[in-house]
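Read the structure below first, then the notes.
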Amino acid sequence: MSAYIVNREVIDVLMALAFYGPTDCRAAAPDAVWSVRCYLETDRDVTGQLLIDEDVRSVRHRYPDRGEDLPGPLDHYWAAGPYTYSRPARRPTVVEGLRLCDGFAYQACKCSGHRDTKAGELVERIRSALIQCLPGYDAAPWAYWPPESDRGSAGA
């Protein structure tokens with residue numbers, strides 16, 4: 001199978017990441033808010049359901065003749081009613097969170113325009129925030145400039 005419904009734990013962990021960040025990212029200030037939270041419009045239940053709906057839409061698009069028998073967890077949690085967040089056993093690290101985002105995006109991208117959906121945008125915002133938590137990110141140069149002695153010779 002090239003696409004499947006992710007298990008419920010993936011959704012729970014993505015919600016923990018979206019609302020609380022990874023375990024190994026230190027904010028610039030002790031009271032700083034995890035940067036993704038300011039983009040969230042609703043609570044974890046509604047936001048998680050948004051991700052599930054996008055994944056189901058993608059997999060149904062990939063396998064239009066499967067009905068409710070979509071590849072993924074056997075419990076068909078996505079068809080049992082609205083999603084309710086359950087605190088996962090643990091929050092992932094930055095790198096684990098990046099892999100979860102990539103894994104979810106791979107499953108949910110089978111429809112054109114996926115990146116422009118609220119779910120696609122949310123996962124991309126989580127990825128972007130996680131990347132900014134990588135060691136050395138803040139210290140890396142924003143741009144490169146030629147040495148002072150070379151600036152006058154540009155275009156000459």
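Among 131, 11, rank each residue by its count of other Cβ atoms within 10 Å, from fewest to most, as a rough exposure measure. Listing 131, 11 from fewest to most nearby Cβ atoms yields 131, 11. Pick out, in residue order, every one of the GluC sites (Glu not before Pro) in the stretch 51-127 that is DSSP loop and has at most 12 other C-beta atoms within 10 Å; say none if there are none. Passing sites in the stretch 51-127 are 68.
Sorting 13, 46 from the fewest to the most surrounding beta carbons within 10 angstrom yields 46, 13. What residues have an amide H closer than 5 Å to that of residue 93, excluding those fewer than 5 places away on the same chain, when H is modeled at 1.01 Å from N in the peptide plane? Here 23 satisfy the definition. Applied to the stretch 47-54, the Karplus parametrisation 6.51 cos²θ - 1.76 cosθ + 1.60 on θ = phi - 60° returns per-residue 3J(HN,Hα) values of 5, x, 4, 4, 5, 4, 4, 5 Hz, with x for Gly and Pro. Going from the fewest other Cβ atoms within 10 Å to the most, the residues 125, 90 appear in the order 90, 125.
Overall, the ratio between the Cα radius of gyration of the stretch 8-151 and 2.2 N^0.38 Å, rounded to two decimals, is 1.24.
Compute, for the stretch 8-151, the length of the dipole vector about the Cα centre, with Cβ point charges of +1 (Lys, Arg) and -1 (Asp, Glu) only. Units Debye, rounded to 20. Walk me through the numbers on the way to the answer.
Numbers: 18 positive and 22 negative charges, 18 e Å.
So the dipole magnitude of the stretch 8-151 works out to roughly 80 debye.
Quick note: the coordinates plus some simple rules give every number you see, no bench work behind them. Being a predicted model, the structure only gives us computed values, none of them experimental. Don't worry about glycine lacking a Cβ; one is built from the backbone with ideal geometry, like all the others, and counts go over all protein chains shown.
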